Number of protein chains: 2
Amino acid sequence: VAGYKTIEWVDGKVRMIDQRQLPHTLVYVEYEDYHQVAQAIRDMVIRGAPAIGAAAGYGMALAALHSRAASPQELRVELIQAAHDLGASRPTAHDLFWATARILKRTNDKTLSDLVSIKAAALEEAQQIAHANIEINRRIGLNALPLIPDKARILHHCNTGSLATVDYGTALGVARAAFEHGKQVHVYVDETRPRLQGARLTAWELEQLGIPYTVIVDSASGSIMRRIGIDLCLVGCDRIAANGDTANKIGTYNLALIAHAHHVPFYVVGPTSTIDMSICNGDEINIEERPAEEVTHIAGVQITPEGAPVANPAFDVTPAQYITAIITERGITRPPYIENLAAMMSDKGIIQA
Amino acid sequence: VAGYKTIEWVDGKVRMIDQRQLPHTLVYVEYEDYHQVAQAIRDMVIRGAPAIGAAAGYGMALAALHSRAASPQELRVELIQAAHDLGASRPTAHDLFWATARILKRTNDKTLSDLVSIKAAALEEAQQIAHANIEINRRIGLNALPLIPDKARILHHCNTGSLATVDYGTALGVARAAFEHGKQVHVYVDETRPRLQGARLTAWELEQLGIPYTVIVDSASGSIMRRIGIDLCLVGCDRIAANGDTANKIGTYNLALIAHAHHVPFYVVGPTSTIDMSICNGDEINIEERPAEEVTHIAGVQITPEGAPVANPAFDVTPAQYITAIITERGITRPPYIENLAAMMSDKGIIQA
């Protein structure tokens with residue numbers, strides 16, 4: 001859809017944008033070893049739950065295609081190892097585990113009796129995950145349209161656009177869909193420390209799309225709501241528990257509380273692959289702690305005194321009570337989430353790991 | 001008190017730390033022209049409401065001492081111009097206007113009949129403002145002691161230490177007083193984008209003082225309150241309206257809302273010179289909008305796409321309803337602020353502009 005490809009399969013390799021170089025340079029990197037893919041996820045060459053899911057899927061495909069296993073059984077053991085290694089790269093986003101589990105399930109199909117067909121199935125499943133994501137995101141955008149008033153002033157956290165997905169985007173895709181359907185929107189982009197995905201990536205995407213935006217520091221959200229006014233908040237999600245509690249980029253919880261205090265609707269947007277019905281609530285979500293350097297250094301420049309102690313949780317959990325609705329490709333889900341997420345997820349036709 | 005001097009008068013010049021160089025280098029700069037002082041305030045060589053007040057006072061002294069006025073009347077006109085120029089440097093902090101007004105009042109004393117005595121009075125008043133600030137801050141720290149439990153986990157915004165004052169600090173001085181009185185404290189230092197006064201200055205001061213601390217990004221405050229627990233928040237103030245509404249560094253309002261949602265006491269700390277009884281509420285406070293570069297660039301490195309639109313309000317207003325107490329050198333004031341601030345400020349002996 002966009003003029004750039006966040007992630008794609010090209011000539012037996014997975015190619016992705018090195019998002020650490022944006023917005024200054026658009027650089028593509030290619031990997032043919034799944035360990036490199038795991039490292040790329042860890043280093044945030046690629047980030048965003050759905051994009052990580054697609055990367056993990058292609059990582060599994062690479063593990064299969066480059067395997068020297070002598071038997072289907074041996075190959076399947078290697079794929080379990082690959083799923084483990086990829087899963088260890090970043091613990092919070094559910095899409096990653098959902099994608100590797102999907103490929104394990106597909107390649108475990110006992111009708112696949114030889115190495116060639118297992119390898120082909122792994123790649124096919126990875127391609128399906130990636131390609132379906134674009135359509136899923138478009139559907140999310142359409143589903144959300146009734147929630148976006150004309151002249152909407154939207155506050156958006158982190159990056160949830162094409163770069164966070166295979167294409168089109170989730171929360172930012174909602175703003176994009178509204179814009180493409182002729183609504184005027186203005187997106188307030190919070191910079192999203194420490195990695196600045198808002199200032200670097202979301203601003204860059206909105207610039208490409210021609211959607212009006214304004215960058216603010218994360219802590220200005222309350223000031224903007226009070227003085228200028230915000231009509232709704234849009235955020236993505238890395239893992240949604242069965243009760244609706246949502247893990248997402250650090251700062252999401254703060255924004256939810258600020259929105260709540262101002263009676264501003266707070267929408268969580270993502271594919272159903274982010275919903276983890278195996279956990280009851282957000283307390284069970286493993287929150288990744290990332291390196292101190294993300295806080296102490298910006299663009300290679302040290303900010304803090306030498307050796308300053310840092311806490312750097314990469315995600316936080318927003319309790320369901322602060323979430324106005326969860327928007328997925330299957331529609332808009334509202335409280336009570338325990339009942340309504342279960343109903344949505346039990347609809348037939350859903351591919352769940 | 002500390003091994004460094006934020007601002008002092010030395011040999012007919014005002015000397016101050018160039019805070020833009022911290023925490024990496026401790027550099028002093030000297031000015032003998034009040035226009036330079038106004039520029040230093042604008043460029044945030046010096047910042048923090050009480051420190052700006054002291055700088056403005058010394059700026060007035062420089063204007064007086066270097067004046068070539070031929071008559072007391074001419075000198076007084078020049079001082080009004082100097083007060084105007086200094087006041088135009090940063091509009092929000094009340095201490096600045098309070099300090100210049102104090103010097104105008106003092107130099108307008110009709111018993112000062114010659115140029116020499118007017119000039120001497122200007123310098124003497126500026127010295128009094130600066131020197132009294134240290135004692136005021138120590139008293140604030142003592143007044144606050146009963147509010148600080150042992151093993152207090154304190155969340156602190158921006159910088160309010162020695163560097164924001166003449167010495168000792170206001171909100172950070174409260175943590176320091178508790179520490180010096182044998183209480184264990186741990187300060188969670190939010191970095192305070194865009195200028196990073198928390199990560200750069202507060203971390204540096206706490207390091208010097210040996211007070212345990214942890215740096216976090218601004219948007220992690222809710223996560224820390226939920227997962228680790230915070231016993232109280234301490235913030236400074238740039239201007240307090242008669243009803244208790246408080247202007248302070250951008251992000252203060254967000255933190256107040258986050259604290260409110262977690263039932264964490266939220267204390268505003270500052271000298272009574274920050275209280276502006278001439279305005280009814282926070283809506284009347286002039287909020288400075290600072291250059292976009294503070295958001296688009298960090299340490300000289302560009303973050304956002306070229307030309308990205310930015311909103312950069314330097315301050316926000318926290319409504320009085322979210323403030324548990326206001327701590328000044330005169331004691332602890334609690335709601336209803338309209339009555340209680342008026343009672344405190346009408347006590348005799350207060351020097352008010």
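The values are calculated or read from the model by the stated rules, or taken from the named source; none is laboratory data. Given the structure is predicted, the values throughout are model-derived calculations rather than measurements. Virtual Cβ from ideal backbone geometry, glycine too; neighbours counted across all protein chains shown. Please note that ligands, DNA and RNA were not included when accessible areas were found on the heavy atoms of the full protein model with its side chains. Shrake-Rupley method; radii C 1.70, N 1.55, O 1.52, S 1.80 Å.
When Cβ neighbours within 10 Å are restricted to other protein chains, what is their mean count per residue of peptide A:191-202?
Numbers: counts 10, 2, 9, 5, 1, 4, 0, 2, 9, 5, 1, 1.
Mean number of neighbouring Cβ atoms from other chains: 4.
Per the Kirkwood treatment, what hydrodynamic radius in Å, one decimal, follows for the protein assembly as shown from the mean inverse distance over all distinct Cα pairs? Mind dumping the intermediate values first?
Values: mean 1/r = 0.0371 Å⁻¹.
Answer for the protein assembly as shown: a Kirkwood hydrodynamic radius of 27.0 Å.
Per-residue Cβ counts within 10 Å, from other chains only, averaged over A:309-320: what number is that?
On the way: counts 9, 9, 10, 5, 7, 1, 1, 8, 4, 2, 1, 0.
Across the residues of A:309-320, the mean count of other-chain Cβ atoms within 10 Å is 5.
Just want the answer: with Cβ charges of +1 for Lys and Arg and -1 for Asp and Glu, which residue in B:Thr324, B:His157, B:Pro23 is farthest toward the dipole's positive end in chain B?
Final value for the positive-end residue is B:Thr324.
Can you figure out the FRET efficiency of B:His84 with A:Glu339, using R₀ = 51 Å and their beta-carbon distance, to the nearest 0.05? Spell out each step's value before the answer.
Numbers: r = 65 Å, r/R0 = 1.27.
Between B:His84 and A:Glu339 the formula returns 0.20.
Mean projection of the alpha-carbon convex hull of the stretch A:7-80 over all orientations, in nm²? Intermediate results must be reported in sequence, preceding the final value.
Working: hull surface 20.0 nm².
Across all orientations, the stretch A:7-80 yields a mean hull projection of 5.0 nm².
In nm to one decimal, list the spacings between the A:Leu142 label point and its equivalents in the other copies, with label points set 7 Å along Cα to Cβ, shortest first.
Counterpart label points of A:Leu142 in the remaining copies fall at 7.3 nm.
Which one of B:Ile332, B:Ile275, B:Ile52 has the biggest mean-square fluctuation once chain B is modelled by GNM with Cα springs under 10 Å?
Of B:Ile332, B:Ile275, B:Ile52, the Gaussian network model singles out B:Ile332 as fluctuating most.
Using only atoms on other chains, find how many Cβ atoms lie within 10 Å of each Cβ of peptide A:251-263 and report the average. Can you show the working numbers first?
Numbers: counts 7, 3, 9, 13, 3, 2, 10, 6, 1, 2, 8, 1, 0.
So the per-residue partner count for this stretch is 5.
Suppose R0 equals 60 Å. What FRET efficiency, 1/(1 + (r/R0)^6) with r the Cβ-Cβ distance, do A:Leu145 and A:Val77 give to the nearest 0.05?
Details: r = 47 Å, r/R0 = 0.78.
According to the calculation, E is roughly 0.80.
Taking the Cα centre of the stretch B:181-232 as origin and charging only Cβ (+1 Lys, Arg; -1 Asp, Glu), how large is the dipole, in debye to the nearest 20? If you can, show how the numbers build up before the last one.
Working: 6 positive and 6 negative charges, 23 e Å.
Taking the Cα centre of the stretch B:181-232 as origin, the dipole is about 120 debye.
Between A:Ser117 and B:Thr25, with labels modelled 7 Å along Cα→Cβ, what's the label distance in nm to one decimal, could you check?
About 7.1 nm, to one decimal.
Among B:Val174, A:Gly229, B:Ile134, pick out the residue whose Cα is farthest towards the positive end of the charge dipole of the protein assembly as shown, where Lys and Arg carry +1 and Asp and Glu carry -1 on C-beta, about the Cα centre.
Checked the options; the winner is A:Gly229.
Extending each Cα 7 Å along its Cβ direction at A:His181 and B:Ala132, get the distance between those two points in nm, one decimal.
A separation of 6.3 nm, rounded to one decimal place.
Have a look at the stretch A:202-353 and give its Rg and Dmax from the Cα atoms, expressed in angstrom.
17.4, 56
For the charge dipole of the protein assembly as shown, defined by +1 on Lys and Arg C-beta atoms and -1 on Asp and Glu C-beta atoms about the Cα centroid, which residue among B:Val295, B:Thr333, B:Pro72 has the Cα displaced farthest towards the positive pole?
B:Thr333
In Å², and per residue, what accessible area does chain B have when probed at 1.4 Å with the other protein chains present?
35 Å²
Take a quick pass over chain A and tell me how many lysine pairs come in under 30 angstrom between Cα atoms, counting only ones 8 or more apart or on separate chains.
19
Roughly how many percent of the accessible protein surface of the stretch B:127-231 is carbon and sulfur, given a 1.4 Å probe and a whole-percent answer?
Numbers: 1490 of 3020 Å².
Exposed carbon and sulfur together represent 49 percent of the surface.
Would you mind working out the magnitude of the charge dipole of chain A relative to its Cα centre, with +1 at each Lys and Arg C-beta and -1 at each Asp and Glu C-beta, to the nearest 20 Debye?
Working: 31 positive and 39 negative charges, 139 e Å.
Roughly 660 debye for chain A.
With N set to the number of residues, divide the alpha-carbon radius of gyration of the stretch B:93-148 by 2.2 N^0.38 Å and report two decimals. The partial results should precede the final answer.
Working: Rg = 15.2 Å, N = 56, 2.2 N^0.38 = 10.2 Å.
This ratio for the stretch B:93-148 stands at 1.50.
Could you give the size of the charge dipole of the protein assembly as shown about its Cα centre, using +1 on the Cβ of each K and R and -1 on the Cβ of each D and E, expressed in debye and rounded to the nearest 20? Mind dumping the intermediate values first?
Values: 62 positive and 78 negative charges, 142 e Å.
Taking the Cα centre of the protein assembly as shown as origin, the dipole is about 680 debye.
Tell me what the protein assembly as shown gives for mean residue ellipticity at 222 nm when only DSSP H runs of n ≥ 4 count, each as -39,500 (n - 2.57), the sum divided by the residue total, rounded to 500 deg cm²/dmol. Write out the running numbers ahead of the final one.
Working: 22 runs with 268 residues, N = 706.
Result for the protein assembly as shown, helices only: -12000 deg cm²/dmol.
Can you pull out the buried accessible area for chains A and B, both sides counted, probe 1.4 Å, rounded to the nearest 100 Å²? Before the final figure, lay out each step's value.
Working: alone 14430 and 14440 Å², together 24660 Å².
Approximately 4200 Å², summed over both chains.
In vacuum, with every alpha carbon of chain B counted as one equal point scatterer, what does the Debye formula give for log10 I(q)/I(0) at q = 0.08 Å⁻¹? Two decimals, please.
-0.37
Each label point is 7 Å from the Cα along the Cα-to-Cβ direction; what then is the distance between the points at B:Arg227 and B:Asn281, in nm?
Using points 7 Å along Cα→Cβ, the separation is 3.8 nm.
Which order, highest average first, do B:29-38, A:149-158 follow once you tally other Cβ atoms within 10 Å for each residue and take the mean per peptide?
Values: B:29-38: 18.8, A:149-158: 20.8.
Going from most to least packed, we get A:149-158, B:29-38.
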